[in-house]
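Read through the structure below, which is laid out as structure tokens, and then see the notes.
The values are calculated or read from the model by the stated rules, or taken from the named source; none is laboratory data. If you're wondering where the values come from, they're calculated on a predicted model, not measured in any experiment. Neighbour counts run over all protein chains shown; Cβ positions are idealised from the backbone, glycine included. Quick note on the areas: whole protein, heavy atoms, side chains included, nothing else; ligands and nucleic acids left out. Shrake-Rupley method; radii C 1.70, N 1.55, O 1.52, S 1.80 Å.
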Amino acid sequence: MSSKTWISRIGLLLGGGWALVSCAVVGNVTQLNDGWYDVMHLGGNDTLEARLRNQRVYVRQPSDSLVFTPYSTQPAPTSIRYQLQPDHHVLLLDRRLDLDVFTIPVKVRPPRAGVPVQLNSNFNAALYLGRRLNFYYLSRQNITPWQQAPRIRATGIGYGGFLGLGSTLITGDVTRQQAGPEYEGLVLHAGLATLYDAHIFNVGLAAGFDHLIGPDRRYWIYQHRPWLGLLFSLDLN
């Protein structure tokens, strides 16, 4: 198979992954959790934005306003109240470590040793540890012509590494025609992944390599060879 065909198939895989991301609905949060956030944007108050932008502050949300408390060693630090307005918005960032379990329903392996591009859908699971960036977009919306309420939209992205177990079909075609039965081989896999989280589900892309366990690992044409895959994850946090 030509390199152009291989590149086009990889492009389709990546495009499909981003299509899933683009179709995800941004999660709606009814109440912002009290905690430490980075202030990315404060609409309508340039002075306060210049003071707090890109700072780590403690945020509380009483009703339709926000209370910012910059980090201080003083026993009674100064807090700042910000009123949410319909024509302005606030963007906050929450950074944290992320522990996930995800499955890789699709692996794409490049052509190797006369075997064309492989699209594998065997069982694959992994434990993921990485960094998550949660973005919270706050504004004030009209519920009725005479009533308004805060609106919070949340989304997140993550990146990190993974380690897990999977299976793959072992035949003579992928073991350089070594004599033996066809069977499902056990593989260890590791690599890097990026996740998109809409507080509904996690979806992302993974790149890694496999290590076949067993005597056929010496002949397996995909031993320690890179692959690309789609992933779905369950957040353990």
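Within the stretch 122-137, how many residues are within 21 Å of the chain's Cα centre (by Cα) and part of a loop (DSSP other than H, G, I, E, B)? Spell out the reasoning first.
Step one: of the stretch 122-137, the residues within 21 Å of the chain's Cα centre (by Cα) are 123-137.
Checking which are part of a loop (DSSP other than H, G, I, E, B) leaves us with 123.
Residues in the stretch 122-137 being within 21 Å of the chain's Cα centre (by Cα) and part of a loop (DSSP other than H, G, I, E, B): 1 in total.
Conditions tested, residue by residue: (1) open to solvent by less than 20 Å² (accessible area, probe 1.4 Å); (2) assigned to a loop (DSSP other than H, G, I, E, B); (3) in contact with a His (Cβ under 8 Å, 6 or more places away or on another chain).
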{"residue": "T47", "(1), (2), (3)": "no, no, no"}
{"residue": "S63", "(1), (2), (3)": "no, yes, no"}
{"residue": "Y82", "(1), (2), (3)": "yes, no, no"}
{"residue": "L91", "(1), (2), (3)": "no, no, yes"}
{"residue": "R95", "(1), (2), (3)": "no, no, no"}
{"residue": "F102", "(1), (2), (3)": "yes, no, no"}
{"residue": "P105", "(1), (2), (3)": "no, no, no"}
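Just one of Y58, Y71 is modelled with pLDDT under 90, open to solvent by 50 Å² or more (accessible area, probe 1.4 Å) and aromatic (F, W, Y); which is it? Quick ask: steps written out before the conclusion?
Values: Y58 fails: modelled with pLDDT under 90.
Just a single option satisfies the conditions, and that option is Y71.
Which ones in the stretch 107-141 are among the small types (G, A, S) and open to solvent by 30 Å² or more (accessible area, probe 1.4 Å)?
If we filter the stretch 107-141 for residues that are among the small types (G, A, S), which is where we start, we get 113-114, 121, 125-126, 130, 139.
The answer is A113, G114, S121.
Could you check, for the stretch 160-170, whether at least one of its residues is open to solvent by less than 70 Å² (accessible area, probe 1.4 Å) and at pLDDT below 90? No, the stretch 160-170 contains no residue that is open to solvent by less than 70 Å² (accessible area, probe 1.4 Å) and at pLDDT below 90. When R131 is tested against (1) closer than 28 Å to Q31 by Cβ; (2) in contact (Cβ under 8 Å) with a residue 40 or more places away in the chain, exactly one condition is not met: (2).
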